[in-house]
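Visitor: Can you read through this structure? Questions will come right after.
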Amino acid sequence: MKTVAKVMADATRNPNDDFSPMAGSKLWVAGIVLAFANFIVLLDTTIANVSVPNIAGGLAVSPSQGTWVITSYAVAEAITVPLTGWLAQRFGAVRVFSVAMLGFGACSALCGLASSLGFLVFCRILQGLAGGPMIPLSQTLLRRIFPSHLQPTALGLWAMTTVVAPIAGPLLGGVIVDNAGWPWVFYINVPFAVVVSVLAWRMLMRHETRIEKRPIDRVGLVLLVLWISAMQIMLDKGKDLDWFDSPIIVGLALVAAIGFISFIIWELTDANPVVNLRVFRNGAFSAATLVGSVAYGTFFSSVVLIPLWLQTNMGYTATWAGRAMALTGLFAVILSPVVARLTTRVDLRAMVSFGVGILAAISFWRSGFTTGAGFWDVALPVLAQGVAMPFFFIPITALSLSAVKPSDVASAAGLMTFTRTSSAAFSVSIMTTAWENTATVHHTDLAGTLNHPGATIDRMRALGMTAGQGLQQVDRLVQGQAVMLATDHIFLISAVLLACASGAMWLVPKPAQRPPPD
């Protein structure tokens, strides 16, 4: 079975490159710089999660509109990931990496300066466009500067940041929001981005990749941006515009559908496609990528929902919501190196199925939450989630990429990242809309089944409240229960989806046996 190190080496290998590995202390400094860049970009996928209620309040929008800050970043990042290979070949991997890192810092500063949701979302899109190439390029450059016998160590360093960054995001974001304000969630990126960009330029330029002038598939790129943007706007604005009763939503749906079909046809027939969809002809890769994307999208939705629920309905501050979510990191950090070693000995399908199965069980556990849930009622499932994450994140990459030919691994890696990131963005939009709609339905049902609400209000008046205050108090209690029922409902659906994904993993063909890496 192909190891994770072998898969990532194949994904970043260019047979025309003249590799010149680094050595000594410079090697490890450069490795840490590249891994830290990956950490910063992935951190921004979750650091804003606990900030959504504060951002929404500060910009006078609803919490569901505040989630656009998350989805816009994810969609923009997904668009640039498939372009990474072309950008690196056209301008050089080190140049693209350094400029993208600097652009990421500049866009982060603009995000912090935003005074309206529209401008903030626009800046998050720019931030995502800059951040997208850095994830695959950090792998590429690590592969280039590390000698072959140390590349498993380099992969372990990179995988550690991949697992830890999404976990650290909520905790760090909560502390920053409560002590400095939500703009500092973005400002904190600026000094690190500048330092990483300068160090990467100075240390890695003599290891620059060969530059080739290759044509860009402009039509494919336009179609890609068109259908993804139309789909995301439709999902984000659907509830506000009453879905398909609105001609705007109908128009967006048509644009997304026609754009998607046109994109598929064009990319399958163009000589130099921006996204090599021919890789999906490999059934094993397609199955592993599809199942992995469903599982990741469902998982990421819960990462967004829990802090939102804790802060808007359970009275948590951003700091305490972040603390509850950060416990995932305990087992994730401990088990990541162990899981990386197990990928050479255990069926990758079994590892992924095990990890996703644990996530399904945790979602089912959460579906029994009540409004009386304490901190540890929330935190214990999060702690258990740390066991599942390494078993899902680390082997799913090897499982997907081990099915394709070495010449297709680079394209397959980009497609896998693209589908996973897009799935996360779409899932968050669908989940937040379903959550609010379900809460509204439960609120109506509960209000219609109240026993003697007039008598309850009279008792509150006897305690010194006015009739209006008593009515508001009853409505607040009803709304709290309605939101709790809606939250449990979403977690139950998530449990079913994750359980199906865990079982479907066994439908993925077993990877062929391959010789171990040198």
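Visitor: How high is the relative contact order of the stretch 243-327, given as a whole-number percent (alpha carbon pairs under 8 Å, six or more residues apart)?
Guide: The value is 11 percent.
Visitor: Also, I was wondering about something else. I'd like to compare 490-498, 263-271: which one has the highest average count of other Cβ atoms within 10 Å, and what's the full order after that?
Guide: Highest to lowest by the protection proxy: 490-498, 263-271.
Visitor: Using only Cα atoms, what is the ratio of the radius of gyration of the stretch 182-287 to 2.2 N^0.38 Å?
Guide: Rg over 2.2 N^0.38 Å, computed on Cα atoms: 1.57.
Visitor: On C-alpha positions alone, give me the angle between the axis of helix 453-462 and the longest principal axis of the chain, in degrees, nearest 10.
Guide: Result, in degrees: 80.
Visitor: Report the net charge of residues surrounding His442, where surrounding means a beta-carbon distance below 12 angstrom and charges are Lys +1, Arg +1, Asp -1, Glu -1.
Guide: After counting each charged neighbour, the total is -3.
Visitor: Considering Cα pairs under 8 angstrom that are at least six residues apart, work out the relative contact order of the stretch 335-442 and quote it in whole percent.
Guide: Worked out over the stretch 335-442, it gives 33 percent.
Visitor: For the chain, take the longest principal axis of its alpha carbons; what is the angle in degrees between that and the long axis of helix 218-237, to the nearest 10 within 0 to 90?
Guide: Helix 218-237 and the main axis of the chain meet at about 20 degrees.
Visitor: Scan the chain and report its longest stretch carrying no trypsin sites (Lys or Arg not before Pro) that are both in a DSSP loop and have at most 12 other Cβ atoms within 10 Å.
Guide: Free of exposed loop sites, the longest segment is 1-209.
Visitor: Something else: How large is the helix-only mean residue ellipticity at 222 nm for the chain, computed as the sum of -39500 (n - 2.57) over DSSP H runs with n ≥ 4, divided by its residue count, in deg cm²/dmol to the nearest 500?
Guide: It comes out at -25500 deg cm²/dmol, rounded to the nearest 500.
Visitor: Whenever you get a sec, compute what percent of the accessible area on the chain sits on carbon and sulfur atoms (1.4 Å probe).
Guide: Heavy-atom surface of the chain belonging to carbon and sulfur, 1.4 Å probe: 67 percent.
Visitor: Would you count, across the chain, every pair of lysines whose alpha carbons are under 18 angstrom apart, provided the pair is eight or more residues apart or spans two chains?
Guide: 5
Visitor: Relative to a virtual label point 7 Å from the Cα of Val346 in the Cα→beta-carbon direction, which members of the stretch 367-404 show backbone nitrogen distances below 19 Å?
Guide: 383-402
Visitor: Under 8 Å for C-alpha pairs, at least 6 residues apart: give me the relative contact order for the chain, rounded to a whole percent.
Guide: Relative CO of the chain lands at 24 percent.
Visitor: Take the eigenvalues of the Cα gyration tensor for the chain, scale each by 5, and report the square roots as semi-axes in whole Å, largest first.
Guide: Equivalent ellipsoid semi-axes, largest first: 41, 24, 23 Å.
Visitor: Suppose all protein chains stay in the model; what accessible area per residue would a 1.4 Å probe give for the chain, in Å²?
Guide: Per-residue accessible area for the chain comes out at 41 Å².
Visitor: So how much slack lies between Thr449 and Ala253, counting 0.36 nm per residue of separation and subtracting their Cα-Cα distance, in nm?
Guide: Full extension from Thr449 to Ala253 adds 66.8 nm.
Visitor: Still on this model: Nearest 10 degrees, 0 to 90: what angle lies between the long axis of helix 68-80 and the longest principal axis of the chain (Cα atoms)?
Guide: Helix 68-80 sits roughly 20 degrees off the main axis of the chain.
The values are calculated or read from the model by the stated rules, or taken from the named source; none is laboratory data. Keep in mind that this is a model prediction, so the values were computed, not measured. Virtual Cβ from ideal backbone geometry, glycine too; neighbours counted across all protein chains shown. We work out accessible area using only protein heavy atoms, side chains counted, and drop any ligands, DNA or RNA first. Shrake-Rupley method; radii C 1.70, N 1.55, O 1.52, S 1.80 Å.
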